[in-house]
Amino acid sequence: MLEIEGLRATVSDKEILKGITLTVKPGEIHAVMGPNGSGKSTLAQVLAGHPAYTVTGGTATYDGQDLLAMDAEVRAQAGVFLAFQYPVEIPGVSNAYFLRAAYNEIRKARGEEEIDPMSFADLMDEKMKLVEMDGAMLTRSVNTGFSGGEKKRNEILQMAVLEPRLAILDETDSGLDIDALRIVANGVNSLKRANNATIVVTHYQRLLNYIVPDYVHVLANGRIVRSGGKELALELEAKGYDWLLEPALA
Amino acid sequence: MIDSYLRGFETFSRNGAASAPQWARSLRLSGITRFEQLGFPDKRNEDWHFTSVAPLAEREFLPLTTGATRVTAAQLSPFTFGATDWHTLVFVNGRFDAELSSTASLPDGVEVMSLARAYDEMPVLLEQHVGRIASIDAHSFTALNTAFINDGAVVHVRQDVEVARPIHLLFVSDAGAVDGVIQPRNLIVLDRFAKATVIESYVTVALGASAYFTNTVTEATVAEGATLTHLKLQRESAQAYHVGTLDVRQARDSHLVSFSFATGAILSRTNTYTELRGEGCGATLNGLYLGDDEQTIDHQTRIEHVEPNCYSRELYKGILDGASHGVFNGKVYVHPEAQKTDGKQTNNTLLLSERAKIDTKPQLEIFADDVKCTHGATVGRLDETSLFYMKSRGINARTARELLTYAFAADVLETIELAEVREALEAATLRRYASV
Ligand SMILES: Nc1ncnc2c1ncn2[C@@H]1O[C@H](COP(=O)(O)OP(=O)(O)OP(=O)(O)O)[C@@H](O)[C@H]1O
Ligand SMILES: [Mg+2]
């Protein structure tokens with residue numbers, strides 16, 4: 001479903017990704033871990049099509065298509081979703097309006113009819129329950145004045161509504177207390193399908209108790225320095241990253 | 001070209017002015033005298049540094065002689081917000097129109113009427129306030145307005161009375177206004193603990209491509225503990241000239257919530273002034289200006305913190321397209337006695353075209369030492385991160401731009417409490433910037 005080959009990217013002329021190779025198949029959950037500043041968010045943003053990053057080498061193929069050649073909105077319409085590490089506040093656009101606009105664009109791209117406001121309200125009711133979110137959040141401006149936890153839940157709500165095929169969650173667990181973490185993880189798990197895949201970027205093993213990965217990758221200094229099964233996350237929890245970093249830097 | 005106004009004044013003094021009381025006549029005389037001394041301001045005048053009034057000064061606008069009303073209720077419906085239970089005074093080409101107005105359901109303790117009628121019914125109140133709030137000393141346009149005081153609206157809300165529905169002063173111009181000058185003079189008096197919402201609308205119907213000039217002054221006094229919500233909606237035709245001043249005096253524990261929406265006229269200047277003359281006052285001055293083509297939209301605000309423990313909040317936003325020119329000059333004076341003043345001023349402008357420009361000048365003058373005052377101004381284009389966020393949800397680039405443009409404006413429109421006005425302005429702004 002997603003094949004990344006030797007991906008290199010720069011921001012402000014600084015090379016951040018130095019050759020990433022990663023294959024994600026339908027139904028799989030991949031965890032990406034690594035120290036601060038190692039390039040995890042950069043990888044996520046490059047896959048989502050952020051214009052600030054320049055791809056300088058390598059390829060990324062999504063469902064047989066050249067992902068890197070697609071505009072950000074086309075990627076989203078094709079089923080790629082990024083839950084932002086730092087969700088963006090958009091004062092003046094209500095959450096409900098934003099979600100419906102996004103939902104309809106994605107339906108249009110799939111050749112489906114736009115949804116009427118009534119049916120959309122029903123859909124929202126169902127999805128809000130999933131992330132245990134209060135209805136009042138819908139009338140508020142997107143992420144504006146939301147607490148850290150509310151923002152993260154809002155990302156998962158968007159994911160629940162848009163039903164992506166490839167979801168990339170960038171530190172969705174950071175700053176969440178254990179209850180919120182459980183809610184977010186439940187949301188992600190209940191959206192799991194045999195034909196979709198998830199990349200979970202996280203600092204903490206604890207999220208992986210709830211969202212159990214098939215593969216764990218360690219990103220350090222712009223490269224994947226180690227890949228393994230879910231037990232790798234436990235090892236990282238116990239030993240930290242230093243034992244992997246030394247050889248990577250050498 | 002002040003001559004035409006001086007000549008107009010002579011004619012005016014001979015005809016229509018006779019019925020006014022003596023104090024009003026001498027006020028007019030001081031107005032024309034001051035206007036003759038001052039003339040129109042030029043760019044050397046610090047208050048007019050960014051806006052040239054030459055296009056207005058060089059034209060000849062004549063005081064209007066009363067013409068027959070051609071405006072119908074149907075023509076006004078786009079400007080009445082679908083409300084049927086508001087208290088509305090309609091002025092056509094500056095003259096009160098009783099037939100189009102509706103004040104039947106006013107509660108006890110509230111008087112809303114034309115200035116001409118108020119001369120008879122509230123002589124003391126008028127003499128006490130008219131010309132005592134808005135200064136003519138350094139303000140040419142206020143002096144000019146004062147010279148021609150003749151019609152306008154008077155609103156008086158008595159102690160403890162809360163007026164539930166808004167009072168709408170609707171100034172409409174039609175073909176009868178061509179080449180004329182319209183000079184409403186309004187007075188709003190809120191007694192202790194009174195509460196009211198007053199809307200001033202300036203609109204044009206069926207005018208065509210001809211110019212006219214609105215020069216309006218509203219004086220307001222808000223007594224102890226009273227709250228005045230004032231909305232000014234300037235939606236005149238694209239050929240109109242508009243200068244408008246709201247000047248407010250606030251007593252202790254009173255509140256002013258002001259909003260200025262300006263989108264019409266080739267050249268407009270809106271002054272919003274208030275003096276916080278007692279402790280515990282609050283003033284919120286917000287505004288939105290939407291410009292295009294060759295429009296100039298100028299706002300000047302002045303907040304005088306005279307006494308301690310007051311706050312002021314100011315948020316003015318603008319969207320400028322075409323070759324339009326915006327000006328924001330926000331003055332905040334904190335007098336030496338006004339300790340614990342809490343002031344915040346923000347002006348954000350979005351430029352949609354290379355040719356559009358904004359001059360923004362916050363002016364904080366603080367003479368007290370224990371205060372918290374901030375100001376900030378931003379000028380820019382749409383935020384790339386927000387655009388990316390929306391695109392990452394599948395929203396196409398054009399829609400994302402449109403929505404963000406709308407959202408920029410909605411952010412300040414949201415502060416309007418009156419639902420009918422907020423929703424109407426939001427809808428109009430959405431239609432203007434978004435094709436969704
Ligand atoms: N817009 C930018 N301009 C300059 N440098 C940037 C920019 N974005 C990221 N970087 C740099 O790129 C490097 C990788 O950043 P990235 O955000 O991808 O790290 P990360 O692994 O997600 O870190 P964290 O765990 O803190 O989220 C860092 O050194 C960061 O400072
Ligand atoms: Mg990161």
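Test of understanding: ordering A:His217, B:His255 by Cβ neighbours within 10 Å, fewest first, what list do you get?
Result, fewest neighbours first: B:His255, A:His217.
How large is ³J(HN,Hα), in whole Hz, for each residue of the range A:23-31 in order, when computed from phi with the Karplus curve 6.51 cos²θ - 1.76 cosθ + 1.60 and θ = phi - 60°, using x for Gly and Pro?
Computed from phi, the couplings for the range A:23-31 are 10, 10, 9, x, x, 8, 10, 10, 9 Hz.
Using θ = phi - 60° and the Karplus relation 6.51 cos²θ - 1.76 cosθ + 1.60, list the HN-Hα couplings for the range A:85-92 in order, rounded to whole Hz, with x at every Gly or Pro.
Going residue by residue, I get 4, 10, x, 8, 8, 10, x, x Hz, with x marking Gly and Pro.
What is the local net charge at A:Thr61, summed over the other residues whose Cβ is closer than 11 Å to its Cβ (Lys, Arg +1; Asp, Glu -1)? Working shown, then result.
Details: positive: none; negative: A:Glu3, A:Glu5, A:Asp63, A:Asp66.
Computed value for this residue: -4.
B:Phe12: net charge of surrounding residues, Cβ under 15 Å, Lys/Arg +1, Asp/Glu -1, itself excluded?
+2
Can you give the Rg to Rh ratio of the protein assembly as shown, both from alpha-carbon atoms, with Rh computed by the Kirkwood formula?
Working: Rg = 30.6 Å, Rh = 28.3 Å.
Answer for the protein assembly as shown: 1.08.
Taking the Cβ of B:Val217 as the center, what net charge do the other residues with Cβ under 9 Å away carry, scoring Lys and Arg +1 and Asp and Glu -1?
-1
How big is the Rg/Rh ratio for chain A, C-alpha atoms only, Rh by Kirkwood, two decimals? Could the numbers behind the result be given before it?
On the way: Rg = 17.9 Å, Rh = 18.6 Å.
Ratio of gyration radius to Kirkwood radius: 0.96.
For the cross-link pairs A:Lys108/A:Lys129; A:Lys108/B:Lys357; B:Lys43/B:Lys372, which exceed 29 Å when the distance is taken from alpha carbon to alpha carbon?
Too far apart for the 29 Å limit: A:Lys108/B:Lys357; B:Lys43/B:Lys372.
At 222 nm, what value in deg cm²/dmol follows for chain B if DSSP H runs of at least 4 each add -39500 (n - 2.57) and the sum is divided by all its residues, to the nearest 500?
Here the helix-only value at 222 nm equals -6500 deg cm²/dmol.
Counting other beta carbons within 10 Å of each Cβ, put B:Lys372, A:Lys152, B:Lys195 in order, fewest first.
If I rank by nearby Cβ atoms, fewest first, I get B:Lys372, B:Lys195, A:Lys152.
Averaged over peptide A:89-96, how many Cβ atoms belonging to another chain are found within 10 Å of each residue's Cβ? It would help to have the intermediate numbers written out before the result.
Values: counts 4, 11, 7, 15, 10, 3, 0, 0.
Mean partner-chain Cβ count within 10 Å for A:89-96: 6.
What is the set of long-range amide H partners of B:Val327 at a cut-off below 5 Å, with H atoms built 1.01 Å from backbone N?
Result for B:Val327 returns B:Ile297, B:Asp298, B:His299, B:Asp359.
List every residue whose amide H lies under 5 Å from the amide H of B:Ser173, counting only residues 5 or more places away in sequence or on a different chain, with H placed 1.01 Å from N in the peptide plane.
Residues meeting the amide H criterion: B:Asn93, B:Val203, B:Thr204, B:Val205.
Once label points are set 7 Å from the Cα along Cα→Cβ at both B:Asp120 and B:Arg431, what is their separation, rounded to one decimal in nm?
Spacing of the two 7 Å Cα→Cβ label points: 4.1 nm.
Averaging sequence separations of C-alpha pairs under 8 Å and six or more residues apart, then dividing by the length of chain B, give the relative contact order as a whole percent.
10
Please report, largest first and rounded to whole Å, the three semi-axes of the ellipsoid equivalent to the range B:356-423, where each semi-axis is the square root of five times an eigenvalue of the C-alpha gyration tensor.
32, 18, 12
Under the √(5λ) rule applied to the eigenvalues of the Cα gyration tensor, what semi-axes describe the equivalent ellipsoid of the range A:123-250? Give them in Å, descending.
31, 16, 13
So in the protein assembly as shown, what percent of DSSP beta bridges are antiparallel if you round to the nearest 5?
Rounded to the nearest five, the antiparallel share is 20 percent.
Enter the angle in degrees (range 0 to 90, nearest 10) between the Cα long axis of helix A:117-130 and the first principal axis of the Cα atoms of chain A, meaning the one along which they spread out most.
The two axes meet at around 50 degrees.
Please work out the Cα center distance from the range A:1-68 to the range B:40-117, rounded to the nearest Å.
61
For n ≥ 4 DSSP H runs only, could you compute -39500 (n - 2.57) per run for chain A, divide by its residues and tell me the 222 nm figure to the nearest 500?
-11500 deg cm²/dmol
Checking the a/c ratio against 1.5 first, then a/b against b/c, what shape does the Cα gyration tensor give for the range B:2-277?
Verdict is rounded for the range B:2-277.
Between B:Arg381 and B:Thr84, how many nm apart are label points set 7 Å from Cα along the C-beta direction?
Placing both labels 7 Å along Cα→Cβ, they lie 5.0 nm apart.
Taking the Cα atoms of the range B:1-89, report the difference between the largest and smallest coordinate on each principal axis, in whole Å and largest first.
46, 38, 23
Report the label-to-label distance for B:Ala74 and B:Glu337 in nanometres (one decimal), using points 7 Å from each Cα along the Cα→Cβ vector.
Taking the simple label geometry, B:Ala74 and B:Glu337 are separated by 5.8 nm.
Can you compute the radius of gyration and Dmax for the range B:324-394, using only the Cα atoms, both in Å?
17.3, 56
At a 10 Å Cβ-Cβ cut-off, how would you order B:Leu382, A:Leu181, fewest neighbours first? Can you show the working numbers first?
On the way: B:Leu382 18, A:Leu181 22.
By the 10 Å Cβ count, ascending: B:Leu382, A:Leu181.
For the range B:384-436, state what percent of all Cα-Cα pairs lands in each successive 10 Å bin, counting from 0 Å until the bin that includes the largest distance.
Going out from 0 Å in 10 Å bins, the range B:384-436 shows 27, 45, 24, 4 percent.
Near the amide H of A:Ile16, under 5 Å away, which other amide H atoms are found, from residues 5 or more places off or on another chain, if H is placed in the peptide plane?
Placed amide hydrogens put A:Ala9, A:Thr10, A:Val11 under 5 Å from A:Ile16.
What relative contact order, as a whole-number percentage, does chain A give when Cα pairs under 8 Å and 6 or more residues apart are counted? Spell out each step's value before the answer.
Numbers: 448 pairs, mean separation 67.1, N = 250.
Reported as a whole number, the value is 27 percent.
Any idea what angle helix A:148-162 forms with the longest principal axis of chain A, computed on alpha-carbon atoms, 0 to 90 degrees, nearest 10?
70
Just so you know, all these numbers are worked out from the coordinates, no wet-lab data involved. Everything numeric in this text was worked out from a predicted model, so none of it was measured. When we count neighbours, we look across all protein chains shown, and the Cβ atoms used for this are built from the backbone with ideal geometry, even at glycine.
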